[in-house]
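First the structure, in the form of structure tokens, and then the observations on it.
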Amino acid sequence: MTISLPPKNSERNQNVEQIDYSILQNITPVANEIDSNPRELEKALMSLGKSGLLGLRVPKKWGGLELNQQDYFNYQLLLARHSGALSFLQTQHQSAAAMLASSQNYQLQKQYLPHLSYGKILLGIAFSQLRRSGEAPVKAVPTTDGYYIEGVVPWITGWGIFQEFIIAAKLPDGQAIFGMMPFVENNQLNGNITFSKPMQLCAINSTNTVSATVKNWFLPNSRLVSIKPKNYIQENDIKKILYFTSFALGCALAGIDVMIEVSKNKSLAFITDTISSLTAEVNQCRSSIELANKNPDIDFATKLNLRAKAINLAQRCATAAVTVSSGAANDKNNAAQRVYREALVYTVSAQTTDIMEATLKTLIPRF
């Protein structure tokens, strides 16, 4: 199987293409171990860090690669094709790095950014709670020198792997603050932060996802990453509606890869035909998404349809991988089983009601 990224313009990016290939050759054979063992996952994450691949959107002046949108999309798709757990974990860090790169807090940038690309500091994120309707799960009260944070953070990935994370909390006026928090239990004066045990998830369990309870935690202005306007997360979800399609398409290709391996021992024409058909659909969807990302005039409904189609392809390719693997797919350590579970993750990642509706529509037969 040939693994490659599209040609890059810069010498630095050409080097990334070569490094990616060699790293993924080592990741692919242990993908199931990475999926179930946090230490194996951390080891794989640091293999990316050793090659400077953990700051893909960090400016070059801070030691990052400063990849453009298309190159970043290709990289995420490639990684998701080989390990859902590693792909999901590293994108938390990449997102935190991108937030810091766009921050107005120069001192925070100086403290963190030079160390992120190589994994010398690893960061998580916790802002999915902003998507929840009703009373804000995490609130912030402004003071002269900073903010007091209170609430329950439902999801944080990377416990025991990341050292810190960026928390999001709503202000009384509806704006949201983003600030640096320790990813270890901590006490300060009258405030503290505690964490649950890692959740027992059916997929990418090794990523060690936990919840956090924050009580009267003081966040000084010096730890503030940014302040975002009211409805920021909703507007950002619309703007980045195609962001997670790279992971879904990578998962779809992972399912096809499983089918290709199985077909070596099951020489059946209908399997070969299915591989060919699904590959063509994935390639077409990928091309459409790439065009949509380049065209600012593409309407939201079209992008939403592409997001749902990518999810549907992940589901169908994963199901096809299970089908051709027969009874062996019941084994938790079977590659088809892992990809099937990963498809579940990408079905609901960063889900909004619009995405939920569009996804369901792809599951309704049209006669």
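Could you count how many residues in the range 195-225 are polar (S, T, N, Q), within 20 Å of the chain's Cα centre (by Cα) and part of a strand (DSSP E or B)?
Going through the range 195-225, the residues polar (S, T, N, Q) turn out to be 196, 200, 205-209, 211, 213, 216, 221-222.
Pick out the ones that are also within 20 Å of the chain's Cα centre (by Cα) and you get 200, 205-209, 211.
Going one step further and asking which of them are part of a strand (DSSP E or B), we end up with 209, 211.
Matching residues across the range 195-225 total 2.
Please go through the range 65-74 and pick out each residue that is in contact with a helix residue (DSSP H, G or I) (Cβ under 7 Å, 6 or more places away or on another chain) and either acidic (Asp, Glu) or open to solvent by less than 10 Å² (accessible area, probe 1.4 Å) (or both).
Within the range 65-74, LEU65, GLU66, ASP71 meet the criteria.
Against the definition (in a loop (DSSP other than H, G, I, E, B) and either among the aliphatic types (A, V, I, L, M) or at pLDDT 95 or above (or both)), how does PHE88 come out, yes or no?
Values: in a loop (DSSP other than H, G, I, E, B): no; either among the aliphatic types (A, V, I, L, M) or at pLDDT 95 or above (or both): yes.
No; evaluated as a whole, the condition is false for this residue.
If you take the residues in the range 33-55 that are at pLDDT 95 or above and not in a helix (DSSP H, G or I), which one is surrounded by the most Cβ atoms within 10 Å (Cβ to Cβ)?
Top of the filtered list is GLY55.
Kindly provide the set of residues from the range 226-261 that are open to solvent by 50 Å² or more (accessible area, probe 1.4 Å), in a helix (DSSP H, G or I) and among the charged types (D, E, K, R), ordered by number.
Scanning the range 226-261 gives GLU235, LYS239, GLU261.
Are there strands (runs of 3 or more DSSP E) fully within the range 153-192 with at least 1 residues that are of a type outside the set (Lys, Arg) and either under 19 Å from the mean Cα position of the chain (by Cα) or closer than 27 Å to GLY134 by Cβ (or both)? List them.
164-170, 176-182
Consider TYR340 carefully, then state whether it is within 20 Å of the chain's Cα centre (by Cα), over 30 Å from GLU235 (Cβ atoms), surrounded by 14 or more Cβ atoms within 10 Å (Cβ to Cβ) and not small (Gly, Ala, Ser). Quick ask: steps written out before the conclusion?
On the way: within 20 Å of the chain's Cα centre (by Cα): yes; over 30 Å from GLU235 (Cβ atoms): yes; surrounded by 14 or more Cβ atoms within 10 Å (Cβ to Cβ): yes; not small (Gly, Ala, Ser): yes.
The answer is yes for TYR340.
Looking at (1) basic (Lys, Arg); (2) open to solvent by less than 70 Å² (accessible area, probe 1.4 Å); (3) not assigned by the TED database to the domain that holds GLY146, find the lone condition where ARG223 falls short.
Here ARG223 meets the rest and fails (3).
Do you know which residues across the range 289-304 are part of a helix (DSSP H, G or I) and of a type in the set (Val, Ile, Thr)? Step through it out loud before you land on a result.
Quick first cut of the range 289-304, residues part of a helix (DSSP H, G or I) only: 289-294, 300-304.
Hits for the range 289-304 are ILE289, THR302.
Answer yes or no as to whether ALA176 is in contact (Cβ under 8 Å) with a residue 24 or more places away in the chain, surrounded by 22 or more Cβ atoms within 10 Å (Cβ to Cβ) and assigned by the TED database to the domain that holds VAL225. Let's see the steps before the verdict.
On the way: in contact (Cβ under 8 Å) with a residue 24 or more places away in the chain: yes; surrounded by 22 or more Cβ atoms within 10 Å (Cβ to Cβ): yes; assigned by the TED database to the domain that holds VAL225: yes.
Answer is yes for this residue.
Hey, ALA292 hits all of (1) without any contact (Cβ under 8 Å) to a residue 60 or more places away in the chain; (2) under 21 Å from the mean Cα position of the chain (by Cα); (3) open to solvent by 20 Å² or more (accessible area, probe 1.4 Å) but one; which does it fall short on?
Condition (3) is where ALA292 drops out.
For the range 49-106, give me each residue that is more than 13 Å from the chain's Cα centre (by Cα) and among the aromatic types (Phe, Trp, Tyr).
Correct list: TRP62, TYR106.
Given the options ILE311, ILE298, name the one that is out of contact with any strand residue (DSSP E or B) (no Cβ under 8 Å at 6 or more places or on another chain) and in contact (Cβ under 8 Å) with a residue 12 or more places away in the chain.
Working: ILE298 fails: in contact (Cβ under 8 Å) with a residue 12 or more places away in the chain.
Unique residue meeting the criteria: ILE311.
The values are calculated or read from the model by the stated rules, or taken from the named source; none is laboratory data. This one's a predicted model, so the numbers in the text were calculated from it and none came from an experiment. Note that we place each Cβ from the backbone using ideal geometry, even for glycine, and neighbour counts take in every protein chain shown. Keep in mind that these areas ignore ligands, DNA and RNA; they rest on the heavy atoms of the full protein, side chains included. Shrake-Rupley method; radii C 1.70, N 1.55, O 1.52, S 1.80 Å.
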